[in-house]
1. Sequence-distant or interchain residues sharing an amide H contact under 5 Å with GLN306, placed H: which?
2. Once phi is turned into ³J(HN,Hα) by the Karplus curve 6.51 cos²θ - 1.76 cosθ + 1.60 with θ = phi - 60°, what whole-Hz value does each residue of region 251-264 show in order, with x for glycine and proline?
3. Which lysines, if any, have their Cα less than 17 Å from the Cα of LYS250, not counting same-chain residues under 8 positions apart?
4. Could you pull out every one of the lysines with an alpha carbon less than 16 Å from that of LYS43, ignoring same-chain neighbours closer than 8 positions?
5. As I understand it, the dipole of the chain uses +1 on the Cβ of Lys and Arg and -1 on the Cβ of Asp and Glu, about the Cα centre. Which of ALA131, THR309, ILE152 lies farthest toward its positive end?
6. About the Cα centre of region 221-377, what is the dipole size in debye to 20, counting +1 per Lys and Arg Cβ and -1 per Asp and Glu Cβ, all else neutral?
7. Taking the alpha-carbon distance from LYS148 and a cut-off under 28 Å, which lysines remain once sequence neighbours fewer than 8 residues away in the same chain are dropped?
8. Skipping prolines and chain starts, which residues have an amide H placed within reach, meaning under 5 Å, of the one on ALA206, given they are 5 or more residues away or on another chain?
Amino acid sequence: MDRRDFLRRSGLTLTGLLLSPWAVHAFPSREGEVLIPFVDQSKPPSDRVLLDWSEFDSFITPNDKFFNVSHYGIPKFDLAAWKLEISGLVEKPLMLTLEDIKTRPKQDVTFTLECSGNHGFPTFTGAIGNARWGGTPLAPILKEAGIKADGIEVIFFGHDTGEEKRRGVTMRQNFARSMSVEDALQDTNLLCYEMNGEPLPHPNGAPLRLIAPGWYGIACVKWLKRIEVRDTRFMGRFMGRDYVTIREEKRPDDETVWMETSVGRTQLKSLAAKVTRSGDQYRIYGAAWGAPIKKIEVRIDGGPWQEATIDPEEDAEFAWKIWHLDWNNPSKGEHTIVSRAIDTKGNIQPAADSDYIKGKHTYWESNGQVIRKINIE
Ligand SMILES: Nc1nc2c(c(=O)[nH]1)N[C@H]1C(S)=C(S)[C@@H](COP(=O)(O)O)O[C@H]1N2
Ligand SMILES: [Mo]
């Protein structure tokens, strides 16, 4: 009986298990292994919580190690008076308290949340984490409010505000992001008040945030204040100005087209996180995410692609996969290690020098293969 069977048969819930370090560190590590640091890895700045890939050792990212992105700072507001407004083009506007939301059916999802600005070594790479998010599905609430026939857009407003200047106009705006009605009604979207079995921490959006599995972090609006249905596309800063990817694309007839698109769904990605040595056995560990993963391949020093072993510990659709590859008898000196993820549709994570990645002129949505450097002594 393997560990999963044991868990299933013993009826233990994942939430309960998360409290034990044994479950948090469900990682295929070996006794007494030592870390061989990549030479391109710099320690994350000490004034920010970011994932340190060189210490990557758990499937679930503990709440106190989970990164944080707050464009207008962390807002202070009266939690006791907090209500969620559902309004705009709906038949029946709603004002929901946290209790109203918590009495609704509970749904959990293990989802790897990545900031689309997470671009690459040696700079900003740790804005990613994997958590078990708990809340209630969004769709039944929208259906209860009743989206009117002319509603095309669902806008999620946060409590955090900032001053924006545009065309000579200075305005105070709330952080906001939108989705089409169809995307908002996906049954995977949750209004979350729980993270890894604990109340959602305030920096991560308490009392309530949107979790949109399959979307980049920017879509997961924190500190929700209002959900509003409209009949026009929303073009606020985080839809239409920031988090806009500029790509130079070649059409089949060779015409070059410059595309500007709003950051949306996650993209296929992987990287080699760390190398360890146990005696003279070397092993490369990494992660892959952004799409349903079929396999991960690793290439050392430009050699053949070798298939990595995926840790079977948890098979969650929206969570990263942990993988490893044994590296036998590496020679002394500098080596390069690169991984590529392949999804269930056969798509391959693009190479760093592919047209897709080279044609991208902004840093968001950087999902190219990551070439890591290491020195074996
Ligand atoms: N209200 C609000 N929601 C927000 C943001 C924000 O600044 N304000 N930042 C977004 C971005 S860019 C990311 S990457 C994720 C980060 O979520 P976390 O802070 O819980 O890690 O939240 C998203 N939701
Ligand atoms: Mo982000």
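The values are calculated or read from the model by the stated rules, or taken from the named source; none is laboratory data. From a predicted model like this one, the values you see are computed outputs, not experimental measurements. Here the Cβ is made from the backbone with ideal geometry for all residues, glycine too, and neighbour counts use every protein chain on show. These accessible areas exclude ligands, DNA and RNA; they are computed on the full protein's heavy atoms, side chains included. Shrake-Rupley method; radii C 1.70, N 1.55, O 1.52, S 1.80 Å.
1. Excluding prolines and chain starts, which carry no amide H, the hits are VAL298, ARG299.
2. With the stated coefficients, region 251-264 comes to 7, x, 7, 6, 5, 8, 10, 9, 10, 10, 10, 6, 4, x Hz.
3. Reachable lysines: LYS358, LYS360.
4. LYS65, LYS274, LYS373
5. In the chain, that residue is ILE152.
6. On the way: 26 positive and 25 negative charges, 121 e Å.
Rounded to the nearest 20 debye, it is 580 debye.
7. LYS83, LYS92, LYS102, LYS106, LYS222, LYS225
8. Amide H to amide H, under 5 Å and 5 or more residues apart or across chains, ALA206 pairs with TRP223.
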